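K.L.:
My questions all concern the structure below.
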Amino acid sequence: MTSLPADLRRHAAADCYDCAIIGGGVAGLTLAIQLAQAGRRVILFEKETYPFHRVCGEYISLENYDFLCRLGVPLAAMNLPRMTRFTLSSPSGVALHHALDIGGLGIMRYELDPLLARIARENGATILEGTRVTDVVFAQEQFTLTTAGGTTYQARTACGAWGKHANLDRTLHRPFLTAGRQDRQFVAVKYHLHDVDFPEATVEMHNFKDGYCGLSPVAGGLTNCSYISDVRNLRAHGNNIAEMEGHVLMQNPLLRPYLVAAQRQGTPPIVISQITFRERSTVDEHVLMLGDAAGTIAPLCGNGMSMGMNASFLLQGLLLDFLAGRISRMQLEQQYTRAWRGLLSRRITAGRLIHQVFGQPQLTTAGIQVLRRLPFMTDFILRLTHGQPY
Ligand SMILES: Cc1cc2nc3c(=O)[nH]c(=O)nc-3n(C[C@H](O)[C@H](O)[C@H](O)COP(=O)(O)OP(=O)(O)OC[C@H]3O[C@@H](n4cnc5c(N)ncnc54)[C@H](O)[C@@H]3O)c2cc1C
């Protein structure tokens, strides 16, 4: 954290928000809506401008259904595809078919995120799009946030919902950046496929060497195809996505037709890189972290969007207690950390373990053969990756 010149510190109570949220993905936006609905002054900063596409499988576990409806998302009227079955395959195409207990809905982030931003605004939150926060300073019991344009804002609390990695991780010297070990790095890729013959109400997850790919329907007759691969696969193919897909992913016969369709379609995929799964802290320099900023989970293994929304639900209750003077800042930070770990760390650990197995050709084949004989084990693993309604 850098210190601000005194003339930039404005402490007038009238200018001070109850909460400043940095990052307008599902975690930040759902937190903004809840605080605004509770009558609190909230400001949220999003560096991009809605709508925009993100690399995400866009499968929302139904555990969030009631929560999203309470916030004002008209899920019932949105006519979204609902998934009730899933297929898992090994790199050689050995497959398991199973029912999904809770199941999920397919919704494009291109639609969901602006919808949440609109609901937040309707409830009185200030949402600043195209506004990148470059610094957060805590002094004299309040935060000063500086944006790329040099404007400063004051808030009593600050929440970091800036996703997997952002400039602010370095600004705050977050401990996970100095973990001192060489983590595996991943690259993630997303397509929206049209005109593919995809089975109704199904999520498919197909493994390939050092990675895995999820497919599921989203609204508008499109199929989301998102995958994560060890970056070594990409480097071994001259950093060329099509080459990597041709030589590695398409070795899985169940995945091949979708990627052939994706390449034929010709729309360039959205790609993000430098993904790691290091453990992170829930509070740094008094900034409360949620969503991927608090713990990037192995995608397709633990429903990251659900975990971000779950965290926002936990956090809003504690923030309201703090803002009303019922708990101190120290209690807020400690109780949030405890509650977050209690609710989510088992899920993150399960996601990491599944992620270790996925992408290993022999292990996934053997694992699928075992699961085919022991369906209750599949139910158990699926339960680990989904949570309870809240
Ligand atoms: C390949 C893949 C597939 C996935 N599939 C699924 C799935 O099917 N279901 C599921 O539940 N989860 C899935 N996930 C995980 C899910 O996408 C994430 O967990 C979720 O998007 C995290 O939400 P968030 O709000 O924490 O962060 P994000 O959605 O990443 O939002 C963070 C926001 O912060 C903004 N930001 C960053 N820095 C700043 C700054 N300095 N100032 C202002 N704004 C800033 C960014 O622009 C961004 O909009 C998948 C992930 C991957 C990689």
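K.L.:
What fraction, in whole percent, of alpha-carbon pairs in the stretch 1-160 exceed 29 Å separation? Before the final figure, lay out each step's value.
P.N.:
On the way: 4153 of 12720 pairs.
The proportion of pairs with Cα distances above 29 Å equals 33 percent.
K.L.:
In addition: Which of L320, L249, L290 moves most in a GNM of the chain, Cα contacts under 10 Å?
P.N.:
Judging by the Gaussian network model, the answer is L320.
K.L.:
Which value in nm describes the separation of the simple spin-label points at A242 and F52, placed 7 Å from the Cα toward the beta carbon?
P.N.:
Reported label-point gap for A242 and F52 is 2.7 nm.
K.L.:
Express in % the proportion of alpha carbon pairs of the stretch 131-225 at distances exceeding 23 Å. Mind dumping the intermediate values first?
P.N.:
Working: 2443 of 4465 pairs.
It works out to 55 percent of all Cα pairs.
K.L.:
Determine ³J(HN,Hα), in whole Hz, for all residues of the stretch 15-25 in sequence, where each value follows from phi through the Karplus function 6.51 cos²θ - 1.76 cosθ + 1.60 and θ = phi - 60°; x replaces Gly and Pro.
P.N.:
Couplings: 8, 8, 7, 6, 8, 10, 10, 9, x, x, x Hz.
K.L.:
Also, I was wondering about something else. What Rg and what Dmax come out for the stretch 100-147 when only alpha-carbon atoms are used, in angstroms?
P.N.:
16.6, 50
K.L.:
Dividing the convex hull volume of the alpha carbon atoms of the chain by its residue count, what do you get in Å³ per residue? Show your work: numbers first, answer last.
P.N.:
Working: hull volume 53.3 nm³, N = 390.
Given the Cα convex hull of the chain, per-residue volume reads 137 Å³.
K.L.:
I'd like the FRET efficiency for L374 and D66, computed as 1/(1 + (r/R0)^6) with the beta carbon distance as r and R0 of 35 Å, rounded to 0.05.
P.N.:
Numbers: r = 32 Å, r/R0 = 0.91.
Efficiency computed from Cβ-Cβ geometry: 0.65.
K.L.:
Given only helices, namely DSSP H runs of n ≥ 4 each adding -39500 (n - 2.57), what is the per-residue ellipticity at 222 nm of the chain, to the nearest 500 deg cm²/dmol? Each step should come with its number before you reach the end.
P.N.:
Numbers: 12 runs with 128 residues, N = 390.
Value at 222 nm, helices only: -10000 deg cm²/dmol.
K.L.:
Hey, another quick one. Can I get the semi-axes of the stretch 293-363's equivalent ellipsoid? Compute them from the C-alpha gyration tensor as square roots of 5 times the eigenvalues, in angstrom, largest first. Please report the intermediate quantities before stating the final value.
P.N.:
Values: eigenvalues 207, 22, 9 Å².
After diagonalising the Cα gyration tensor, the semi-axes are 32, 10, 7 Å.
K.L.:
A further question follows. Under 1.5 on a/c is rounded, so check that first for the stretch 334-387, then, if it is not, pick prolate when a/b is larger than b/c and oblate when it is not; a ≥ b ≥ c are the square roots of the alpha carbon gyration tensor eigenvalues.
P.N.:
On the way: a/c = 5.50, a/b = 2.10, b/c = 2.62.
It comes out oblate by the Cα gyration axes.
K.L.:
How high is the FRET efficiency from A38 to V271, r the C-beta distance, R0 45 Å, rounded to 0.05?
P.N.:
Values: r = 38 Å, r/R0 = 0.85.
In this case the efficiency is close to 0.70.
K.L.:
Of L88, L177, L100, which is the most mobile in a GNM of the chain whose springs link Cα atoms less than 10 angstrom apart?
P.N.:
So, out of L88, L177, L100, the one fluctuating most is L177.
K.L.:
Compute the label zone of T87 within the stretch 179-222: residues whose backbone N is under 17 Å from the point 7 Å along Cα-to-Cβ.
P.N.:
193-208, 212-218, 222
K.L.:
In whole angstrom, and with the biggest value first, how far do the Cα coordinates of the stretch 190-233 range along each principal axis?
P.N.:
Largest first, the stretch 190-233 extends 34, 16, 13 Å along its Cα principal axes.
K.L.:
Rounded to the nearest 5, what % of DSSP beta bridges with both residues in the stretch 17-150 are antiparallel? Show your work: numbers first, answer last.
P.N.:
Numbers: 16 of 23 bridges.
Roughly 70 percent of the DSSP beta bridges within the stretch 17-150 come out antiparallel.
K.L.:
What is the pair-distance distribution P(r) of the stretch 76-193, computed from all Cα-Cα distances in 5 Å bins starting at 0, with each bin given as a whole percent?
P.N.:
2, 7, 10, 13, 14, 13, 12, 12, 8, 5, 2, 0, 0
K.L.:
Calculate I(q)/I(0) for the stretch 233-291 by the Debye formula, one identical point scatterer on each C-alpha and no solvent, and give its log10 at q = 0.12, 0.26, 0.29 Å⁻¹ to two decimals.
P.N.:
-0.49, -1.15, -1.27
K.L.:
Can you tell me the equivalent ellipsoid semi-axes for the stretch 166-221? Use √(5λ) from the Cα gyration tensor, largest first, whole Å. Don't skip to the end; give the middle numbers.
P.N.:
Working: eigenvalues 252, 50, 15 Å².
Gyration-tensor ellipsoid for the stretch 166-221: 36, 16, 9 Å.
K.L.:
While we're looking at this one, here's another question. Stokes-Einstein D for the stretch 267-390 at 20 °C, 1.002 mPa s, Kirkwood Rh over Cα pairs, in µm²/s?
P.N.:
On the way: Rh = 16.4 Å.
It diffuses with D of about 131 µm²/s by this estimate.
Each value in this text was obtained by applying a stated rule to the coordinates, not by laboratory testing. The model shown is predicted, which means the values in this text are computed figures rather than measured ones. Reconstructed Cβ throughout: ideal geometry from the backbone, glycine too, with neighbour counts over all protein chains shown.
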